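Participant: Just dropping this structure here.
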Protein chains: 2
Amino acid sequence: MIDLNLVKNIYREDRRSIARTISIVESDNLSATMFLKEIHKKVGHAYRIGITGPPGAGKSTITNQLTKYFRKQNQKVGIIAVDPTSPFTGGALLGDRVRMTDIGMDSGVFIRSMATRGSLGGLSKKAIDAADILDAAGFDIILLETVGVGQSELDIAQAADTTIVVLVPESGDSVQAMKAGLMEIADFFVMNKSDRPGSQQAYTALQTILMIKDHDQNSWLPNIIKTVASENKGIDEIATEIERHKNFMNQNNLFKLKREKQAKVRIKEIVEHKLKDELWSDTGENLLNSSLQKVVLGNLSPYHIAEEIIEEFKNRI
Amino acid sequence: MIDLNLVKNIYREDRRSIARTISIVESDNLSATMFLKEIHKKVGHAYRIGITGPPGAGKSTITNQLTKYFRKQNQKVGIIAVDPTSPFTGGALLGDRVRMTDIGMDSGVFIRSMATRGSLGGLSKKAIDAADILDAAGFDIILLETVGVGQSELDIAQAADTTIVVLVPESGDSVQAMKAGLMEIADFFVMNKSDRPGSQQAYTALQTILMIKDHDQNSWLPNIIKTVASENKGIDEIATEIERHKNFMNQNNLFKLKREKQAKVRIKEIVEHKLKDELWSDTGENLLNSSLQKVVLGNLSPYHIAEEIIEEFKNRI
């Protein structure tokens, strides 16, 4: 059974209830699915913005500044921040500190950092579930901030209405972004720290790459916005570009297609996650444990055991 | 059917056949499983060393230097390098260049970089499969080099007989390593670039953390080896420490336990990977595609559709 009071408290935007529900989703509690089904009817109001890019590009500073921008327009902002590299880049630590002094005390802002450790496979599912909770709670803008280094992180950044890829003018950064798959998901680019030497060359290089890419006359062309986020330069331009992208998508009826793609990725992950749970219930786990000896002693390959476990699973469900 | 000539060619260490078989494994070809089952009887000779740590710690330089060390002892060395952050850190690029001039021409060395893009979920499976192929081909040492930023990368580093965590004397690096889960998997640490200022403090800090951790009288205590890998300083000491760890594990009969744990992680991933394939065969994918509208129009939540798909799958298999 789900706690209907908790649902009610989410709708009236109670911060503790929101935090608790996100924790339920994170911990993979059985009631998480029921919660998410229950609140689904209230989901769909918020505009979701994905912010991604390499470590150190200034994503959290931009998230922070954009939040202040939207707050001035009286929009309530929810932030989901995911960064598996954060222990090493220090990004999240610094970002969190900036946030806490700057926007952390604002009751119109809700910030949630999501750990990646131990959440193998379910991370993008959980981040998007958390965004749904914030959406149902009535936040107007949801910022999904992730580092652009893995498929799971790209999935989160793509689960947005507008996806922004933040780069810095380091040599070859835009070429590397292409390799990492960031070019395909960007609705527009932000060239942050554009007061640095080499900024103009980096801008031109990125422009050249974008020009080479295939596109037809009527499709959306990703722009490049120059910013110095630490000095709040270019933040208004980002907001304007988000608005321009939103209008373009609406006018050309393109959100439907985008949401179909997003739903597909998401449903796939929910299904896989749930089947995994059933697979490794007591029976599956026990069979696995009792078969390990055979592999360690070299009698059977892991592939043989895997087939036995799959057979057992098929007979069981 | 599998190509038995290819299997034979692997056993006689034909480089092209090895490369081709790893590509089969990477591309998830149907015959991959059959290959891996077939060669399993030849697997188990190689000593596997996992090398992990944050981006920029010098993992590829250490891998390179260790390779030269083992080559002097006439050991054949296979290298599997995995780095999802490489497009941004530039690590793999530089590493590959060093490798190609230094050890790339040596017929006793086989190097394979594995891409992470598009290999969602199956990466550690594929990297370990590739290590099995090199093992069956007769390589004596297999170096598994991964960046320590995600669960999948940690899984690879742990699929070794000895796991080395490489750190640099940056402020707080060892604390961050703890957060990233690297402390738990290290058989010993390498403090690289230990000619840098602050090296002694970093060493002491790491030592303190290691002393605080629980351990009983008879268990293995991870050491810290200081290196300047770019000048080949400390590489002999790493090799000695690997040997010491190997002897300890053998004397205390601990490899059996370690291999059980590894087999468990690996079998789980094989099973999940295979079930996913069956799940998203034509039928599953078609049902998903035909249900997307309902989610986009807001009639049903992704969780409702997921349940329908799971039902269909259970009836089908």
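FYI, it's all coordinate maths here, none of it is from the lab. Keep in mind that what you see is a predicted model, and the values were worked out from it rather than measured. Virtual Cβ from ideal backbone geometry, glycine too; neighbours counted across all protein chains shown.
Participant: Relative contact order for the stretch A:4-254: what is it in percent, counting Cα pairs under 8 Å that are at least 6 residues apart? Don't skip to the end; give the middle numbers.
Facilitator: Working: 407 pairs, mean separation 59.0, N = 251.
Over the stretch A:4-254, the number comes to 24 percent.
Participant: Per residue of A:50-58, count partner chain C-beta atoms within 10 Å of its C-beta, then hand back the mean as an integer.
Facilitator: The per-residue average across the peptide is 1.
Participant: Please enumerate, by chain and number, the aspartates and glutamates with C-alpha under 13 Å from the C-alpha of B:Lys226, excluding those fewer than 8 residues away in the same chain.
Facilitator: Those aspartates and glutamates meeting the cut-off are B:Asp195, B:Asp236, B:Glu237, B:Glu241.
Participant: Let me ask something additional. Tally Lys and Arg at +1 and Asp and Glu at -1 over the other residues with C-beta under 10 Å from the C-beta of B:Arg20: what net charge comes out?
Facilitator: Summing Lys and Arg as +1 and Asp and Glu as -1 gives 0.
Participant: How many nanometers, to one decimal and shortest first, lie between the label point of B:Asp102 and those of its other copies, if labels sit 7 Å from Cα toward Cβ?
Facilitator: Once sorted, the set of distances for B:Asp102 reads 4.0 nm.
Participant: Related question: Among B:Thr283, B:Thr227, A:Thr33, which comes first, then next, by fewest other beta-carbon atoms within 10 Å? Can you show the working numbers first?
Facilitator: Working: B:Thr283 14, B:Thr227 24, A:Thr33 21.
Ordered from fewest to most neighbouring Cβ atoms within 10 Å, B:Thr283, B:Thr227, A:Thr33 come out as B:Thr283, A:Thr33, B:Thr227.
Participant: Among the DSSP beta bridges whose two residues both lie in chain A, what percent are antiparallel, rounded to the nearest 5?
Facilitator: Working: 1 of 29 bridges.
Given both bridge residues lie in chain A, the antiparallel proportion sits at roughly 5 percent.
Participant: Which one of B:Met211, B:Met34, B:Gln65 is farthest out on the positive end of the charge dipole of chain B, using unit charges on Cβ (Lys, Arg +1; Asp, Glu -1) and the Cα centre as origin?
Facilitator: B:Gln65
Participant: Please give the contour-minus-distance gain from B:Leu297 to B:Arg20: 0.36 nm per residue of separation, less the Cα-Cα distance, rounded to one decimal in nm. If you can, show how the numbers build up before the last one.
Facilitator: Numbers: separation 277, 0.36 × 277 = 99.72 nm, distance 4.65 nm.
Stretched fully, the B:Leu297-B:Arg20 segment lengthens by 95.1 nm.
Participant: Kindly list the residues of the stretch B:123-153 that lie in the label zone of B:Asp106, defined by a backbone N under 18 Å from the point 7 Å along the Cα-to-C-beta vector.
Facilitator: Hits in the stretch B:123-153 for B:Asp106 at 18 Å: B:134-135, B:138-145.
Participant: Quick one: length gained pulling B:Thr208 to B:Leu221 fully straight, 0.36 nm per residue minus the C-alpha distance?
Facilitator: On the way: separation 13, 0.36 × 13 = 4.68 nm, distance 1.27 nm.
Extending this stretch completely gives an extra 3.4 nm.
Participant: Would you kindly give the portion of the calculated P(r) for the stretch A:223-298 that falls above 15 Å, as a percent of all Cα pairs? List each step's numbers first, then the result.
Facilitator: Values: 2149 of 2850 pairs.
Tail of the P(r) past 15 Å holds 75 percent of the pairs.
Participant: Considering every residue in A:67-75, what mean count of other chain Cβ atoms within 10 Å of its Cβ is obtained?
Facilitator: Details: counts 0, 0, 0, 0, 0, 0, 0, 0, 0.
Across A:67-75, the average partner-chain Cβ count within 10 Å equals 0.
Participant: Would you please report the Å³ per residue occupied by the convex hull of the alpha carbon atoms in the stretch A:4-254?
Facilitator: Values: hull volume 31.5 nm³, N = 251.
Cα-based convex hull of the stretch A:4-254, divided per residue, equals 125 Å³.
Participant: Under the classification rounded if a/c is under 1.5, otherwise prolate if a/b is larger than b/c and oblate if not, where does the stretch A:151-256 fall, given a ≥ b ≥ c as square roots of the Cα gyration tensor eigenvalues? Intermediate values should be presented prior to the final figure.
Facilitator: Numbers: a/c = 1.58, a/b = 1.35, b/c = 1.17.
Taking the square roots of the gyration eigenvalues as a ≥ b ≥ c, the stretch A:151-256 is prolate.
Participant: Taking the alpha carbon gyration tensor of the protein assembly as shown, what are the square roots of 5 times its eigenvalues, largest first, to the nearest whole Å?
Facilitator: 40, 31, 24
Participant: Next question, about the same structure. Beyond a 28 Å Cα-Cα separation, which of these cross-linked pairs lie in this structure: B:Lys41/B:Lys268; A:Lys193/A:Lys264; A:Lys264/B:Lys37; A:Lys294/B:Lys246; A:Lys268/B:Lys258; A:Lys276/B:Lys59? Numbers along the way, then the final one.
Facilitator: On the way: B:Lys41/B:Lys268 21 Å; A:Lys193/A:Lys264 36 Å; A:Lys264/B:Lys37 34 Å; A:Lys294/B:Lys246 23 Å; A:Lys268/B:Lys258 33 Å; A:Lys276/B:Lys59 34 Å.
Checking Cα-Cα distances, A:Lys193/A:Lys264; A:Lys264/B:Lys37; A:Lys268/B:Lys258; A:Lys276/B:Lys59 exceed 28 Å.
Participant: Explain nothing, just the number: dipole magnitude of the stretch B:175-259 about its Cα centre with +1 on each Lys and Arg Cβ and -1 on each Asp and Glu Cβ, in debye rounded to the nearest 20.
Facilitator: 200 debye
Participant: Quick check: the angle from helix B:255-279's long axis to the longest principal axis of chain B, C-alpha only, nearest 10 degrees?
Facilitator: Around 30 degrees separate the two axes.
Participant: Let me ask something else. Taking other Cβ within 10 Å of each residue's Cβ, how do B:Lys213, B:Lys276, B:Lys294 sort, fewest first?
Facilitator: On the way: B:Lys213 11, B:Lys276 19, B:Lys294 16.
Least to most surrounded, the residues fall as B:Lys213, B:Lys294, B:Lys276.
Participant: What does the copy distance list look like for A:Glu311, label position 7 Å along Cα→Cβ, in nm and ordered from shortest?
Facilitator: 3.1
Participant: Counting only DSSP beta bridges with both residues in the stretch B:164-317, tell me the antiparallel percent, nearest 5.
Facilitator: Working: 1 of 8 bridges.
So the antiparallel bridges amount to about 10 percent of the total.
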